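Throughout, read-outs are computed from the coordinates displayed, never taken from laboratory work. Keep in mind that this is a model prediction, so the values were computed, not measured. Here Cβ is always computed from backbone atoms with ideal geometry, including for glycine, and neighbour counts include all displayed protein chains.
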Amino acid sequence: MTDADEEYFRRLVDEDALYAHLASELGEPETYEVRRHREGHSNETLFVTWGDRELVLRRPPPGETADKAHDVLREYRVVDALQGTDVPVPPTVLACDDHDVIGSDFYLMERVEGHVLREDEPDAFATPDRRRAIGEELVDTLVEIHATDYEAVGLGEFGYPEGFTERQVRRWSEQLTWAFDVTTDEREIPELYEITGWLADNVPDDHPHTLVHGDYKLDNVMYAPVENGDVSLASVFDWEMSTLGDPLTDLGWMLSYWRDPKDPEPSVPELTATFMERAGYPTRRELVERYEDATGIEFENDRFYRTLAVYKLAALGEMFFRRYLEGNSDDPMYPLMEDRVPALADRAMRIIEGEEPL
């Protein structure tokens, strides 16, 4: 670990204070270790060995954050509520809002073992049948999320689904504005103002009301090790953006990361896996048809939902870029957003103009 890495790690966790808090809640362990997981690009994830238990700690990044962008206690609430449902989630351990412990809210969950398909597919999954099952399991689990009786699991007050989609456009424009307060000193992206206006003018009049994940995509789920030839989805992670709202925003977001063989080069190659272009994987159209058949919900206004997804990606990227400029992250991805966000704006314009069809 470099000196810079060690300094950033110390900003994330006071190991002694965390030990004292966990010991009071869980009892003294024989072994204790904290390690940083570097794969995520939003909230920070730490692996905690506590005796014979392997735990995962989730906390916001250090420094000022955009309003509601890193609400880990909200994430804990929904994961805890989904225990025992048909939605696969990690077992929760505890949550803490005492900033004297590590300087922020955080929560702990049990670590789940399996495969996250981020940069490539494991060899055991690389057959046409298993590739198709990867896509089908991804859609089927999204269907389970949207079918959750949120009143029954105690999430009836978790959000305000009426008017959700219109608020999404407004909220993400506000996130962009927060980022622009700093980033426009480096460069401007006029297309994003045009996209904001188009989205506001094309918000669907009505939508179903369901639990939504808010960040549902292939590398936010984990597949169990393949046994007896079966592919199964073991767990869904990263619920920080979850709420009650429009399920088609989840579908549009998932599709924004899913590649078809005909697609142009990725706008953000560092965050875009391309292995699902290989033979056997379902196309985006097939994923949509499976979702529609299972839910009875038609994916109308697909240009709106796919444009909104890319717009949100651009807003997230711009927030990352601001955090980099302010020195509040050591993530090597963040400075790349100077060029990647304009590329995302170009992609959103292609979807609007019908140049990047479903």
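Suppose R0 equals 22 Å; then what is the FRET efficiency for Glu188 and Thr2 from their Cβ-Cβ distance, rounded to the nearest 0.05?
Computed FRET efficiency for Glu188 and Thr2: 0.05.
Taking 30 Å as R0, compute the FRET efficiency from the Cβ-Cβ separation of Arg35 and Ala126 and round it to 0.05.
For R0 = 30 Å, the calculated efficiency reads 0.55.
Just to verify a number: FRET efficiency for Glu119 and Glu174, C-beta to C-beta distance, R0 = 35 Å, to 0.05?
The computed FRET efficiency comes out at 0.60.
With n ≥ 4 as the cut-off for DSSP H runs, can you work out [θ] at 222 nm for the chain, using -39500 (n - 2.57) per run divided by the number of residues, rounded to the nearest 500?
-13500 deg cm²/dmol
At 0.36 nm per residue, minus the direct Cα-Cα distance, what do Glu110 and Glu270 gain on full extension? Give it in nm, one decimal, please.
My answer for the length gained is 54.8 nm.
Once fully extended, how much extra length lies between Arg53 and Asp149, figured as 0.36 nm per residue of separation less the alpha-carbon to alpha-carbon distance?
31.4 nm
Using a 7 Å offset from the Cα along the Cα-to-Cβ direction at both Asp14 and Asp330, what is the distance between the two label points in nm, to one decimal?
Placing both labels 7 Å along Cα→Cβ, they lie 2.0 nm apart.
Once the piece of chain linking Asp260 and Arg278 is laid out straight, how much longer is it, given 0.36 nm per residue of separation minus the C-alpha distance between them?
Contour length minus Cα-Cα distance gives 5.6 nm.
If the label point is 7 Å along Cα→Cβ of Glu227, which residues in the range 100-114 have backbone nitrogen under 17 Å from it?
Only 112-114 pass the distance filter.
Using the Cα centre of the chain as origin and beta-carbon charges of +1 (Lys, Arg) and -1 (Asp, Glu), tell me which of Thr165, Thr2, Met241 is placed farthest towards the positive end of the dipole.
Selected residue: Thr165.
Which one is right for this structure if semi-axes √(5λ) of the Cα gyration tensor in Å is calculated from it: (i) 33, 22, 20; (ii) 37, 23, 20; (iii) 31, 26, 21?
(iii)
Please state the charge dipole magnitude for the chain, taken about the Cα centre, from unit charges on C-beta atoms (+1 on K and R, -1 on D and E), reported in debye and rounded to the nearest 20.
500
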